[in-house]
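Notes for the one structure printed next.
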Amino acid sequence: MTPLQTYFPLAIAFIVAGALAALLVGAAALLGPRRPSAVKAAPFECGSDPIGSARERFGVKFYMVALLFIVFDVEAVFVYPWAVLLRDLGWSGYIAMAFFAFTLVIGLAYVWKKGALEMETD
Amino acid sequence: MPVNYSPPPKSTPKVIVAVTLAAAAGIPFLFLGLVLLLTPVLKPATIDGLLSNAGIDPSWRTPAYVAALFVLALLMMNYGAIFSGVITWWERRVAGRIQSRIGPNRAGFGGFFIFIADAVKMLLKEDLVPADADALLFRAAPYFVVTGFALTFVVLPFGHSLVVTDLNVGVFYVTSVTALVVVGILISGWASNSKWALFGGVRAAAQVISYEIPAGVSIFVPIAMAGTLSMQGIIRAQGGLPWEWFVFRNPAALIAFFVLFTSQLAEANRTPFDLPEAESELVAGYLSEYSGFRFALFFLVEWGNIWVLSAIVTTLFLGGWQIPFVSAEYIDGLRGAGVLPSLAWWGWNAVSMAVFTAKTIALCNLVIWLRWTLPRVRVDQMMGLCWKYLVPAAFACFVFTLFWELAVSVAPRIELVSGVGFTVIAVVLAVLFARRVHQNIQAVQGEKIDLSNW
């Protein structure tokens with residue numbers, strides 16, 4: 001099996017998933033009624049008229065989560081190949097990766113201490 | 001004015017019972033049967049052989065291969081869609097029983113066809129786009145969600161040789177394509193131009209990316225134990241009996257199993273982590289402005305993801321399709337030597353598929369059960385659980401596994417000791433649990449237990 005043959009089904013699945021979803025949404029558009037009105041087109045705000053724009057500011061905590069995610073997820077990409085080769089690398093690989101994990105845990109402890117993991121607003 | 005509902009049927013006509021049972025048995029039988037027939041055929045050598053047998057020119061090989069792939073991809077997609085429909089029905093029945101009410105019982109025997117009625121209803125609804133919404137992104141969001149869901153089916157191993165393509169980066173691929181779902185959710189929340197949708201979308205993004213960390217780190221445990229990223233390779237490194245499963249073979253893997261299962265629940269936005277669409281505070285979260293079939297697509301993915309997460313956990317920790325007492329290598333050897341009759345080969349594949357499906361459905365049931373048992377957590381509790389408990393626990397499991405694997409290479413017997421020990425503990429706990437359930441039923445119903453109303 002060449003790499004192309006291994007990955008080719010993904011392209012097919014991608015096309016089929018998109019086409020099927022488009023077909024169903026298209027069928028719904030054909031079958032469903034179409035009676036637009038200003039009330040229907042308004043965003044839902046519990047029955048009252050919408051106040052201001054919906055594109056509001058939101059808590060900075062969510063950006064903190066995104067930053068943390070990037071740090072830890074990039075780390076995961078490094079660990080995948082290493083986890084596969086664990087037995088071949090032996091003790092030297094073990095020590096290197098334990099050190100790497102230790103530095104990350106120090107980072108997590110620092111973030112924790114700084115209060116970036118607290119979601120309560122104060 | 002009171003509404004007159006027709007009274008519930010006293011007894012279901014025999015024809016409806018027969019049709020329902022036929023559909024309930026026939027749908028999985030048909031889909032799984034077609035998958036069973038088509039997947040092993042999808043090898044260039046097999047297609048060449050079939051073409052030459054049928055006397056067709058070999059230049060048709062590529063079109064035939066592509067056509068077979070299209071059919072298989074369509075099958076997998078339909079399998080996911082219909083299974084998510086069936087699971088909505090099952091969830092409502094279970095919810096009904098847990099909350100001492102009836103649940104759906106009109107469309108077909110036991111209300112089985114409710115999911116078809118729902119789909120038809122959704123098809124006949126108006127497809128609304130809010131006036132100030134970003135129309136392009138609003139319309140595009142469901143496609144991201146659906147493709148992210150459908151692409152995982154390509155690498156899910158249904159049986160011994162029943163996988164569309166066994167990528168050598170299988171697990172990594174699954175974690176990366178499921179990320180498309182969160183992109184779709186974030187787009188839908190932003191594009192709706194509704195405050196509820198925005199809050200729901202941002203919450204969903206924060207939740208899913210946070211839980212990606214413990215999920216990703218706990219996945220290292222089975223990868224390190226198997227020494228491969230391929231889904232089939234991970235299953236082959238396990239065995240059919242409980243003490244040969246990864247979950248019991250290593251104490252850290254048992255913890256990693258719970259970490260992964262919890263994180264997958266959160267990534268699939270299931271209760272107790274369904275904050276993004278918490279109906280008591282956010283109306284319907286990122287789904288608030290969706291209607292008609294676009295809404296249905298989100299729900300299809302939400303319920304279909306229950307199958308995906310159960311299948312992933314089964315693959316990584318619970319031995320996948322491995323059948324007790326017969327090793328996959330033994331069958332491969334017989335097949336390679338040419339002494340295995342072709343019918344026995346298909347039978348073996350069918351049994352392995354049944355084992356995998358049974359394990360996955362048991363886990364799906366657990367997911368549903370959890371939803372109707374646990375209350376929803378708060379946002380800060382959800383974040384705290386992830387970053388303060390699951391992430392450190394996953395790191396500890398991962399570092400312990402490094403140590404454990406090196407110890408196993410010196411003394412292979414410790415895996416067996418751990419496996420048998422944990423299996424015994426699990427069996428004892430299961431027996432105690434069953435006795436407790438029995439006592440509770442007896443306390444309510446007395447000595448004579450009546451299950452006819454279940």
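Given the conditions (1) under 17 Å from B:Ile235 (Cβ atoms); (2) in a helix (DSSP H, G or I), report the number of the one that B:Val367 does not fulfil. Here B:Val367 meets the rest and fails (1). Note on region B:361-390: residues that are among the hydrophobic types (A, V, I, L, M, F, W, C) and more than 14 Å from every other protein chain (Cβ to nearest Cβ) total 11. Taking region B:243-276 as the search range and keeping residues that are of a type in the set (Ser, Thr, Tyr) and open to solvent by 10 Å² or more (accessible area, probe 1.4 Å), which one is farthest from B:Val177 (Cα to Cα)? Here the answer is B:Thr271.
Of the helices (runs of 4 or more DSSP H) lying entirely inside region B:206-318, those containing at least 2 residues that are over 19 Å from B:Cys397 (Cα atoms) are B:231-236, B:251-267, B:279-282, B:292-317.
Taken together, B:Ala119, B:Ala131, B:Ala141 contain a single residue that is in the same structural domain as B:Leu287 (by TED's automatic domain parsing), in contact (Cβ under 8 Å) with a residue 12 or more places away in the chain and either over 24 Å from B:Phe70 (Cβ atoms) or open to solvent by 10 Å² or more (accessible area, probe 1.4 Å) (or both), which is B:Ala141. Would you be able to say whether some residue in region A:70-79 is open to solvent by 60 Å² or more (accessible area, probe 1.4 Å), more than 7 Å from chain B (Cβ to nearest Cβ) and touching a residue at least 24 places away in the same chain (Cβ under 8 Å)? Yes, region A:70-79 contains at least one residue that is open to solvent by 60 Å² or more (accessible area, probe 1.4 Å), more than 7 Å from chain B (Cβ to nearest Cβ) and touching a residue at least 24 places away in the same chain (Cβ under 8 Å).
Taking the listed residues B:Thr315, B:Thr357, B:Thr373, the one that is in contact with a helix residue (DSSP H, G or I) (Cβ under 6 Å, 6 or more places away or on another chain) and β-branched (Val, Ile, Thr) is B:Thr315, with no other qualifying. All told, B:Gly189 falls short of being open to solvent by less than 10 Å² (accessible area, probe 1.4 Å), within 24 Å of B:Gly240 (Cβ to Cβ), among the small types (Gly, Ala, Ser) and assigned by TED's automatic domain parsing to the domain that holds B:Ala135.
Within region B:206-236, the set of residues being more than 7 Å from chain A (Cβ to nearest Cβ) and more than 21 Å from the chain's Cα centre (by Cα) comprises B:Met225, B:Ala226. B:Asp132 satisfies every condition listed in (1) in a helix (DSSP H, G or I); (2) within 14 Å of another protein chain (Cβ to nearest Cβ) except (1). Is it the case, given these coordinates, that B:Cys386 is open to solvent by less than 30 Å² (accessible area, probe 1.4 Å), more than 20 Å from B:Ala206 (Cα to Cα), more than 17 Å from the chain's Cα centre (by Cα) and not aromatic (Phe, Trp, Tyr)? No: the conditions fail for B:Cys386. You will find that of A:Tyr63, A:Tyr7, the residue that is open to solvent by 70 Å² or more (accessible area, probe 1.4 Å) and closer than 30 Å to A:Gly115 by Cβ is A:Tyr63 and no other.
Tallying residues that are within 28 Å of B:Leu287 (Cβ to Cβ), open to solvent by less than 10 Å² (accessible area, probe 1.4 Å) and not in a loop (DSSP other than H, G, I, E, B) within region B:151-173 yields 1. All of A:Ala28, A:Ala41, A:Ala22 fail the test of being surrounded by fewer than 15 Cβ atoms within 10 Å (Cβ to Cβ) and touching a Phe, Trp or Tyr at 6+ places or on another chain (Cβ under 8 Å), apart from A:Ala22. Could you grab me the full set of residues in region B:391-434 that are within 14 Å of chain A (Cβ to nearest Cβ) and open to solvent by 50 Å² or more (accessible area, probe 1.4 Å)? Residues satisfying the conditions are B:Ala396, B:Phe400, B:Phe403, B:Ser409, B:Val410, B:Pro412. Taking region A:82-98 as the search range and keeping residues that are more than 9 Å from chain B (Cβ to nearest Cβ) and open to solvent by 70 Å² or more (accessible area, probe 1.4 Å), which one is nearest to B:Glu405 (Cα to Cα)? Ranking the candidates gives A:Leu89 first.
The values are calculated or read from the model by the stated rules, or taken from the named source; none is laboratory data. As the structure is a prediction and not an experimental result, all values here were calculated from the model. As a convention, Cβ positions derive from the backbone with ideal geometry for all residues, glycine included, and neighbour counts pool all protein chains shown. With ligands, DNA and RNA removed, areas are computed over all heavy atoms of the protein, side chains included. Shrake-Rupley method; radii C 1.70, N 1.55, O 1.52, S 1.80 Å.
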